[in-house]
Each structure stands twice: as structure tokens, then as C-alpha cells.
Amino acid sequence: MAPALVETPRSNVSFANKGIADYKEAYIGGPAAYKQEAEVGGTAKQPPARYPNYLPTWDPEEKYPPLQPFVHKEHGKDADPTFPHLLENAKVTNLTSNIGAEIHGVELSKLTDKGKDELALFVAQKKVVVFRNQGFADLPIQDALNFGGYFGRHHIHPTSGAPKGFPAVHLVHRGAEDTTARDFFEERTNSVTWHSDVTYEQQPPGTTFLYLLDGPVAGGDTLFASQTEAYRRLSPEFRKRLHGLKAIHSAIEQADNSKNRGGVVRREPVTSIHPIVRTHPGTGEKALFVNPQFTRRIVGYKREESDFLLKFLFDHIAKGQDFQARVKWAPGTVVVWDNRVTAHSALLDWDDGQRRHLARITPQAERPEETPFEGK
Ligand SMILES: [Fe+2]
């Protein structure tokens, strides 16, 4: 019954082509905006792409069946909580007091399985961890996927571009001399789009990897918010009310947005119902699990009731700069976050035509579960 509550989105094709329809997505990209010559050969102002093997492709004939359930293994549960295999040679700096760490002195791709277990737990605790000076982007793509596959089944994104032959790599790509930011800001005051990745899936991602291939000299930072601290900031009475509530997460608007601007839909869009509060299986921490990009409706609430409560939660997460961190990218940076207990937003804050190109490896995790309210 409940998924039928998701309304058909209003079509708004001309705005959709600019990425400014009802569904907000600043990085509109897609095949219509992609210029292969400028990427491979560069332009008068911009050099060629540093990693042409990672340039995006979109094949409209490439279709995938619905995802099937799988059993997720939470490697963080096997970790030594003193992190000897991960942090032996590491210099760790906290980004803030309650979210984020930056690490120098660790080569991710060299981690043993014990080190990977510790990585899963450390990232779950810190929420987002920035690894500098990595050789990850220089690995053969298959080796990078083999590394990420330790943490869960690879998610194949339904709409994004992917390197040819590697559909499990999700690309964030804004080409050289792309000026779509100007179109976007004709209709929007900001590019902030808080979300956790693909929460419409029944088993959304857990430990997630995003690494820089090319980026502007300044700009294009990524914002992260701790959804556990967002939960803890709420009063016990309010948290008690949230427990037991479930919400519908929808892929429909993202798929329509892709179709409207000439992009692909590799898998039919789905909706899933998830608890509003989920518990992390490795840390036992509770976290809010709603986001404005994909969460549409609270099950059992009337429309106005649902809109009212979700707007409060979305604003609470967006305004909580005292449980957020801002990550600056640099060549060799790999950012690892736990998508179960964080939200993030890209920022589209430069429009001088510099390329921005990142790759994401997105292992799926368990179906979100809630444990009972603990009375405090
Ligand atoms: Fe994202």
C-alpha cells in the first residue's frame, strides 16, 4: 500500500534540462553536457583530463534487473578497536570535535583485511575520514573495485556515467568549460543538496569511497553532517516520538531528472520504506535516516503532517554546522564516509570552467534497522 503514496512528480522539462526542476540536483552533467574532445584533448584554457580511463560513458542499452537482497557482513564488528593495523604509522587530525578526521601516512590500497576491518569501524566512529596522498586513483580500476568490494556488494548507480566497462564506478563529472552553474543559479540561490547516497535502495550503502581525479584550484568542497549527533541533539521526548516512524525514500525523481535531460535509467526506479531512526550495526549508535533529496513521506502521516515533521528534520540537519565538517579536495585525496550515519552535500561554487571529476565506489550494506528507544 504505502509506496502508492509517492506522488508522480510534476514534469518540468525546460527547468529539468537546466537541473533546476522540483528535484534539486546541482551537478546536472549527463551525456548532453559531455564533450569528449574537451576531456581527452583539453581546450585553450583547460588541460586534458588527468584520468581519461575514468571519463564517463552512458549506454542507453545497458539495463539491469531489480536489485536482489543479500546478506551484508559488517566488517567493523571484527575490528580491533585500538586500530593497530590501520593507524600504526598514521598522523590523525580531527576535523571537528564530533565529526571527521584527516589522515596522513596510510596507503589505503595496502591495507590488509585486518586493516580494512579497522577502517570500517574507524569510519563508522568518525563518520567521515579524509585520506591524503593516496595512489588509489592510479590503480587499475578493477583493483580499486576489488578493494572496495571487501566492504559489501557494489552498487550500480541507475543514472550516473561510468567508466567504460566498469558500471559499478559512479562518476561525478563536470567537464572543462562547463558553465551550467550559471543556468542553475538563475533559478536557485544555492547548490546545497543534503542527502545520503541512494537511500531509496532497500540496502543503501555503508562504507563509501570517493576519490579525486581532477578538481578546480578552489571550490567544489563537500559538506558532511553527522546524523548520529543530529539525533542526539534532539530532546528525549522528541526522539521517543521519532522511534517507530518509517519514511518512504524514492528514486523516481532522480530517474525522471535523468530522462528529462537525455540521460540513462539503467534500472527501474524503486521506493523503499526505512525507519527514521536507524542503528549502526558496528557502533550501536542511533542516527537520523532522512534526507531532502530522497525521503518523501512519513508512513501513516497525512501529507501536511509528514511535510511538517520532515521539514523540521531537514532544517535541523542543514543548520547543524556544529555537527558538520567541510572537506577540501586535493590531488591524491580519498574520502571515506559511512553513508548510514552521515549526510553530505556537494557545492557548486565555481563557474570558470575548471573540470571536476571524482569516482565513487559504493558498497551496499544492511537493510536499515532500528533498535528500541533507550529512554534518554
Ligand atoms: Fe552523494
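The values are calculated or read from the model by the stated rules, or taken from the named source; none is laboratory data. All values derive from a computational prediction rather than experimental measurement. Glycine gets a Cβ as well: all are built from the backbone with ideal geometry, and neighbour counts include every protein chain shown.
Quick rundown of the values:
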quantity: Test result for residue 249, within 15 Å of the ligand (Cβ to nearest atom), in a strand (DSSP E or B), touching a residue at least 40 places away in the same chain (Cβ under 8 Å) and farther than 24 Å from residue 329 by Cβ; calculated: yes
quantity: Test: residue 175 is small (Gly, Ala, Ser), over 28 Å from residue 115 (Cβ atoms) and touching a residue at least 12 places away in the same chain (Cβ under 8 Å); calculated: yes
quantity: Some residue of the range 119-133 being in a helix (DSSP H, G or I) and either within 16 Å of the ligand (Cβ to nearest atom) or without any contact (Cβ under 8 Å) to a residue 40 or more places away in the chain (or both); calculated: yes
quantity: Scope the range 155-179; condition under 13 Å from residue 355 (Cβ atoms) and either within 15 Å of the ligand (Cβ to nearest atom) or at pLDDT 95 or above (or both); matching residues; calculated: 171, 172, 173, 174
quantity: Residue check for residue 274: in a strand (DSSP E or B) and within 16 Å of the ligand (Cβ to nearest atom); calculated: no
quantity: Residue that is farthest from residue 369 (Cα to Cα) [pool: residues in the range 69-121 that are of a type in the set (Val, Ile, Thr) and surrounded by fewer than 15 Cβ atoms within 10 Å (Cβ to Cβ)]; calculated: 93
quantity: Hits in the range 77-115 (condition: among the acidic types (Asp, Glu) and assigned to a loop (DSSP other than H, G, I, E, B)); calculated: 80, 88, 107
quantity: Index of the failed condition, residue 182 passing every other in (1) closer than 22 Å to residue 294 by Cα; (2) touching a residue at least 40 places away in the same chain (Cβ under 8 Å); (3) more than 14 Å from the ligand (Cβ to nearest atom); calculated: (1)
quantity: Single condition residue 305 does not satisfy, out of (1) away from the ligand (no atom under 16 Å from the Cβ); (2) closer than 17 Å to residue 193 by Cβ; (3) without any contact (Cβ under 8 Å) to a residue 60 or more places away in the chain; calculated: (2)
quantity: Residue check, residue 283 touching a residue at least 60 places away in the same chain (Cβ under 8 Å), crowded, with 23+ Cβ neighbours inside 10 Å, of a type outside the set (Lys, Arg) and within 30 Å of residue 137 (Cβ to Cβ); calculated: no
quantity: Test: residue in the range 16-27 that is outside any loop (DSSP other than H, G, I, E, B), modelled with pLDDT under 70 and of a type outside the set (Val, Ile, Thr); calculated: yes
quantity: Residue satisfying all of: in the range 28-68; small (Gly, Ala, Ser) and surrounded by fewer than 18 Cβ atoms within 10 Å (Cβ to Cβ); farthest from residue 152 (Cα to Cα) among these; calculated: 44
quantity: Residue ID - farthest from residue 294 (Cα to Cα), chosen from residues in the range 324-353 that are buried (at least 21 other Cβ atoms within 10 Å of the Cβ) and of a type outside the set (A, V, I, L, M, F, W, C); calculated: 333
quantity: Residues located in the range 331-357, provided they are basic (Lys, Arg) and within 16 Å of the ligand (Cβ to nearest atom); calculated: 340, 356
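Residue by residue, here is whether (1) within 30 Å of residue 237 (Cα to Cα); (2) modelled with pLDDT of 95 or more holds:
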site: 329; (1), (2): no, yes
site: 333; (1), (2): no, yes
site: 338; (1), (2): yes, yes
site: 341; (1), (2): yes, yes
site: 344; (1), (2): yes, yes
site: 348; (1), (2): no, no
site: 351; (1), (2): no, no
site: 358; (1), (2): no, yes
site: 371; (1), (2): yes, yes
